[in-house]
Amino acid sequence: MKKTLIALAALAATGAFAQSSVTLYGAVDASFEHNSGNGLSVNKMNNSNLGSSKLGFKGTEDLGGGLKAVFKLEGGLKNESGNGKSSNTTNQASGTNTATANGSQGLDFQRYSYVGLAGNFGELHLGREYIWSFWYGEGTVDPFSTNGPAQATNMFYHLGGAAYVATNASNMITYMSPDAPVQGGFQYFMGQNVANSTVTVGHSDGTGYSAFLKYQQGPLLISGALSNTTYQVKGNYKVTGLSAQYDISSAFSLMYTYAKEQQSAYGSNTENMIAGQFTTGATTWKASYIHASQSGLTAASTGTGNQYGLGVHYALSKRTKLYTTVAEVKNSGNGGYSTGSVGASSGSSSGNVAVGVYHSF
């Protein structure tokens, strides 16, 4: 027995029993929705109208000398049906993992799926995660957290075609500098095509990069980001974004976002958002106004849209909230922006109302 204890002590002294931890976490958001537009309407159950429904695992292992191993696996949930959300393997149309005919999709870790190292140098990840142009350009200061009827992405990622990568990318190498008032990061992701001479898929399709720079000190946050993804036929898909938030008090914040997306086959789309958030007790009020303008290659694909959003959530506890959000989108010219699943044609409007409950764990 004494020899066993001595052996265990020796192993511990050499770091064989490095300290490690694994956390299971997630959120479930369920709501009733009413969508209208184009002379049509639908009532339905939906998810992620306040925050994203998800299931995840993350962990760290202390390797000594300030170095840690890190990992994160996180997948989106369609809790109204019990299914997962689809992913993409190569950042291009040919790599889309579509849902089966009845709409089901098994759980996969399409939000995050990486392993890496962290230390005084920052963090280095290998795998799949959010693109900086979305995270620090489009989603940083949206009071609706890019979820629900009034999310900022209703007016963005609006160019035609589904070939481009928008919010997440696979086959990625990510570096982020240490957390500090000034922080930055760079990502490189790969489409992983075999060299060929076809005109429909280029050798570098789905390959790109993204970078961000953020300043956060006291009540002020400013962040900027960009990305560029190669597509041979439709042209490179480029995104730039700038966000700012100023906390007037601990309860009241003002926010602004500018974002632009471009692709030569479709033109460009720009978005400007002004928003605010106010908390009193357990109640938080949110409001935003977004103006978007698409300049296409023809008059039929050129137009503007305005989105008006208002929301409120009430915290029953630190983990459980009741909420309601309403939004309306009005188009002019040939703008075809919409909120909800019914959609809106050029020059028309659409509306969306959601009432639900959100619980995190």
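The values are calculated or read from the model by the stated rules, or taken from the named source; none is laboratory data. Just so we're clear, the structure is a prediction, and the values are computed from it rather than from any experiment. Every residue, glycine as well, gets a Cβ built from its backbone with ideal geometry; the counts of neighbours run over all protein chains shown.
The rows are residues; the columns are (1) among the charged types (D, E, K, R); (2) in a loop (DSSP other than H, G, I, E, B); (3) surrounded by fewer than 21 Cβ atoms within 10 Å (Cβ to Cβ); (4) at pLDDT below 95.
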site: 117; (1), (2), (3), (4): no, no, yes, no
site: 125; (1), (2), (3), (4): no, no, no, no
site: 134; (1), (2), (3), (4): no, no, no, no
site: 142; (1), (2), (3), (4): yes, yes, no, no
site: 149; (1), (2), (3), (4): no, yes, no, no
Of all strands (runs of 3 or more DSSP E) completely enclosed by region 1-83, which ones contain at least 2 residues that are farther than 30 Å from residue 167 by Cβ and modelled with pLDDT of 95 or more? 54-64
So, of the residues in region 84-109 that are touching a strand residue (DSSP E or B) at 6+ places or on another chain (Cβ under 6 Å), part of a loop (DSSP other than H, G, I, E, B) and surrounded by 14 or more Cβ atoms within 10 Å (Cβ to Cβ), which turns out to be modelled with the lowest pLDDT? 105
Count of residues meeting criterion [of a type outside the set (Ser, Thr, Tyr), crowded, with 17+ Cβ neighbours inside 10 Å and modelled with pLDDT of 95 or more] in region 282-304: 4
Go through (1) more than 24 Å from residue 286 (Cα to Cα); (2) of a type in the set (Ser, Thr, Tyr); (3) free of Cβ contacts under 8 Å to residues at least 60 places away in the same chain one by one and return the number of the condition residue 240 breaks. (3)
Please list, ordered by first then second residue, the pairs with beta carbon atoms under 6 Å, 6 or more apart or interchain, first in region 213-230 and touching a residue at least 12 places away in the same chain (Cβ under 8 Å) and more than 24 Å from residue 91 (Cα to Cα), second among the hydroxyl-bearing types (Ser, Thr, Tyr) and part of a strand (DSSP E or B). 214/223; 219/246; 220/246; 222/215; 223/243
Residue pairs, Cβ under 6 Å, 6 or more apart or interchain, first in region 275-291 and free of Cβ contacts under 8 Å to residues at least 12 places away in the same chain, second surrounded by 16 or more Cβ atoms within 10 Å (Cβ to Cβ). List them. none
Could you tell me which numbered condition residue 321 fails, if it satisfies all but one of (1) crowded, with 16+ Cβ neighbours inside 10 Å; (2) charged (D, E, K, R); (3) assigned to a loop (DSSP other than H, G, I, E, B)? (3)
Go through region 39-63 and report how many residues are free of Cβ contacts under 8 Å to residues at least 60 places away in the same chain and either touching a Phe, Trp or Tyr at 6+ places or on another chain (Cβ under 6 Å) or among the charged types (D, E, K, R) (or both). 6
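From the residues in region 324-352 that are at positive phi and part of a loop (DSSP other than H, G, I, E, B), which one is surrounded by the most Cβ atoms within 10 Å (Cβ to Cβ)?
Filtering first and then ranking leaves 340.
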Among 116, 139, which is over 20 Å from residue 311 (Cα atoms) and in contact with a strand residue (DSSP E or B) (Cβ under 9 Å, 6 or more places away or on another chain)? 116
Candidate set: region 229-254, residues that are more than 23 Å from residue 304 (Cα to Cα) and of a type in the set (Val, Ile, Thr); chosen: the one surrounded by the fewest Cβ atoms within 10 Å (Cβ to Cβ): 248
Selected residue [buried (at least 17 other Cβ atoms within 10 Å of the Cβ), modelled with pLDDT of 95 or more, polar (S, T, N, Q) and closer than 23 Å to residue 50 by Cβ] from 270, 257, 279: 257
Going by the structure shown, is residue 292 aliphatic (A, V, I, L, M), under 20 Å from residue 255 (Cβ atoms) and in contact with a helix residue (DSSP H, G or I) (Cβ under 7 Å, 6 or more places away or on another chain)? yes
Restricting attention to region 284-318, which residues are assigned to a strand (DSSP E or B) and more than 24 Å from the chain's Cα centre (by Cα)? 295, 303
